[in-house]
1. Restrict the check to region 92-112 and report whether at least one residue is in contact (Cβ under 8 Å) with a residue 60 or more places away in the chain and touching a helix residue (DSSP H, G or I) at 6+ places or on another chain (Cβ under 9 Å).
2. Hey, among THR62, THR7, which residue is crowded, with 20+ Cβ neighbours inside 10 Å and either among the β-branched types (Val, Ile, Thr) or at pLDDT below 90 (or both)?
3. Looking for something open to solvent by 50 Å² or more (accessible area, probe 1.4 Å), within 17 Å of the chain's Cα centre (by Cα), within 20 Å of LEU117 (Cα to Cα) and among the hydrophobic types (A, V, I, L, M, F, W, C) - is there at least one such residue anywhere in region 29-38?
4. Taking the conditions exactly as written (at pLDDT below 95, in a helix (DSSP H, G or I) and within 20 Å of PHE122 (Cα to Cα)), does VAL12 satisfy them or not?
5. Among the numbered criteria (1) under 22 Å from LEU41 (Cβ atoms); (2) in contact with a His (Cβ under 9 Å, 6 or more places away or on another chain); (3) surrounded by fewer than 19 Cβ atoms within 10 Å (Cβ to Cβ), which one does ILE71 miss?
6. Name the residues in region 42-56 that are surrounded by 15 or more Cβ atoms within 10 Å (Cβ to Cβ) and hydrophobic (A, V, I, L, M, F, W, C), would you?
7. Can you tell me which residue in region 74-119 is farthest from PHE27 (Cα to Cα), limited to those that are open to solvent by 70 Å² or more (accessible area, probe 1.4 Å) and basic (Lys, Arg)?
Amino acid sequence: MNYSNTTNSDSVLKDVALLIVRVFIGFAMLSHGFPKLQMLLEGKSDFFDFLGLGSQITLGLTVFAEFVCSILLILGLFSRISLGFLMFTMIIAGFVVHGADPFEKREMSLIYLSVYLLLMVFGAGKFSVDYMIEKRKRANDW
């Protein structure tokens, strides 16, 4: 095999891996956000009240992060902004909501947080709407 062009193949491999992780973690978080969306639509208000904002507002913000931002992450649209909301939500879930619980209760939110941190550092990759928008902007700069 000829490995003379490894940098290009490494880049493609990285972008494919970012796409797979982004899509998988986005759909995984949707499975947590969708039941909360149903709670919000049904008007249920038995939800954790963060900073005294009220349980409905907190539930709405959580739905925005876990449902809307997950869809944006899957698409690779406004990825880093969406990841900021998702990371904040996981920090609250891991250290505030489940702060006094055993590690097993906090583990899931901390795993999500670590994956979101990696995606924040590496970005959405070339297979994302963000990349297409940036590419179009650069083409229009000429």
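1. Yes: one or more hits.
2. THR62
3. no
4. Criteria met by VAL12.
5. Going through (1) under 22 Å from LEU41 (Cβ atoms); (2) in contact with a His (Cβ under 9 Å, 6 or more places away or on another chain); (3) surrounded by fewer than 19 Cβ atoms within 10 Å (Cβ to Cβ) one by one, ILE71 breaks only (2).
6. Matches in region 42-56: PHE47, PHE50.
7. The qualifying residue farthest from PHE27 (Cα to Cα) is LYS105.
Okay, residues lined up against (1) closer than 13 Å to LEU73 by Cα; (2) in a loop (DSSP other than H, G, I, E, B); (3) modelled with pLDDT of 95 or more:
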| position | (1), (2), (3) |
| --- | --- |
| LEU86 | yes, no, yes |
| GLY99 | no, yes, no |
| MET108 | no, no, yes |
| VAL115 | yes, no, yes |
| LYS135 | no, no, no |
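The values are calculated or read from the model by the stated rules, or taken from the named source; none is laboratory data. From a predicted model like this one, the values you see are computed outputs, not experimental measurements. Please note: Cβ atoms are built from the backbone with ideal geometry, for glycine as well, and neighbour counts cover all protein chains shown. Surface accessibility is based on the protein's heavy atoms, side chains included, excluding ligands, DNA and RNA. Shrake-Rupley method; radii C 1.70, N 1.55, O 1.52, S 1.80 Å.
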